[in-house]
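Worksheet: the structure to be examined is printed underneath.
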Amino acid sequence: MLVWRRWIFPIFMILLFGAIAASLAKLAFFSSPDQASVVPGGAVSDPVVSVETATIVNELTLTGSIARDTDVSVRSTVTGTVTAVHVADGAVVGSGQALFTVKQLDPVRYTDVVASEAGRISEFGVVASQDISVGTEIAKLTPDRFHVLATVQPVQLYRLLNAPGEGQVTISGGPAPFTCTGLSTQVADDGTTSVRCAVPAEQIVFPGLPAQLDIAVGTAENVLAIPTTAVKGGAGTGVVWLIGADGSPH
């Protein structure tokens, strides 16, 4: 053990450090002249896009659902005494169907108060022999009318400034796509912005059905098409950046 500590280990360390020193000397003074040197560097090239003519379609696709129109108030159109009640609370009525009959005085005549449109009657409490005045609310009518309601981001309202009065509705798994009319925008009390249009009366739908609303705002044919990154602004007017002769944007 003493021989190892006094002779072998020191000799081994001397040989190891000698090999390391020889390698460093070779790298420093005897490297091959043909060895390629690595030069750090880099270049940034601006993308070049050719301006071409194209047809640009401004179409907005929104996700919404089918909803029933809100209830309407049914009011008496005459003043007098109720002589007969023709429907019960919760009844489904047609447009023009008599709800109750009122006897008017001076001159005496009998007048039917009718439903303004088809729907379901609720909160109906009129009874015979009841005196009633014109304008008195006597019931609520839930109409058989539906609409599509789709939420839209406020900034997208710019794209709807010149929107048509209709849109195309698609219900997944439902009927063929159909056109809804009376397209309008509205803002709820909580600030939510939405687009609404009326479902045709002959179209069979159900409240809560998910629907896709496609609005074709406009089409521009044979116009110069450039990247949106070259334009500042996008609603009605904008600023286009041009590269001058000196290479700077204007």
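The values are calculated or read from the model by the stated rules, or taken from the named source; none is laboratory data. Note that the structure is predicted; figures quoted are calculated from it, not measured. For neighbour counting, all protein chains shown are included, and Cβ atoms are generated from backbone atoms with ideal geometry for every residue, glycine included.
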From the set of residues in the range 201-225 that are loosely packed, with under 14 Cβ neighbours inside 10 Å and within 13 Å of PHE146 (Cβ to Cβ), which is nearest to the chain's Cα centre (by Cα)?
GLY208
When the range 160-184 is checked residue by residue, the ones that are modelled with pLDDT under 90 and outside any loop (DSSP other than H, G, I, E, B) are LEU160
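Could you look through the range 185-204, keep only residues that are part of a strand (DSSP E or B) and of a type in the set (A, V, I, L, M, F, W, C), and pick out the one that is modelled with the lowest pLDDT?
Let us first name the residues in the range 185-204 that are part of a strand (DSSP E or B), namely 185-187, 193-198.
With the extra rule that they be of a type in the set (A, V, I, L, M, F, W, C), the set shrinks to 187, 195, 197-198.
Values: VAL187: 84, VAL195: 93, CYS197: 95, ALA198: 96.
Within the range 185-204, the match that is modelled with the lowest pLDDT is VAL187.
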Residue among LEU161, LEU149 that is under 30 Å from VAL195 (Cβ atoms) and surrounded by 15 or more Cβ atoms within 10 Å (Cβ to Cβ)
LEU149
For the range 188-197, state whether one or more residues are of a type outside the set (A, V, I, L, M, F, W, C) and in contact with an Asp or Glu (Cβ under 8 Å, 6 or more places away or on another chain).
no
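Among the residues that make up the range 40-57, is at least one of them in contact with a helix residue (DSSP H, G or I) (Cβ under 6 Å, 6 or more places away or on another chain) and modelled with pLDDT of 65 or more?
Looking only at the range 40-57, we keep the residues that are in contact with a helix residue (DSSP H, G or I) (Cβ under 6 Å, 6 or more places away or on another chain), and these are none.
Looking for residues that are in contact with a helix residue (DSSP H, G or I) (Cβ under 6 Å, 6 or more places away or on another chain) and modelled with pLDDT of 65 or more, one finds none in the range 40-57, hence no.
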Considering only residues that are over 26 Å from ALA220 (Cβ atoms) and surrounded by 15 or more Cβ atoms within 10 Å (Cβ to Cβ), look in the range 164-179 and name the one that is nearest to the chain's Cα centre (by Cα).
ILE171
Among the residues that make up the range 192-213, is at least one of them free of Cβ contacts under 8 Å to residues at least 24 places away in the same chain and of a type in the set (Val, Ile, Thr)?
no
Tell me yes or no: at least one residue of the range 54-68 is more than 36 Å from the chain's Cα centre (by Cα) and within 30 Å of ALA188 (Cβ to Cβ).
no
For the range 180-200, how many residues meet the condition of being on the phi > 0 side of the Ramachandran plot and under 16 Å from the mean Cα position of the chain (by Cα)?
1
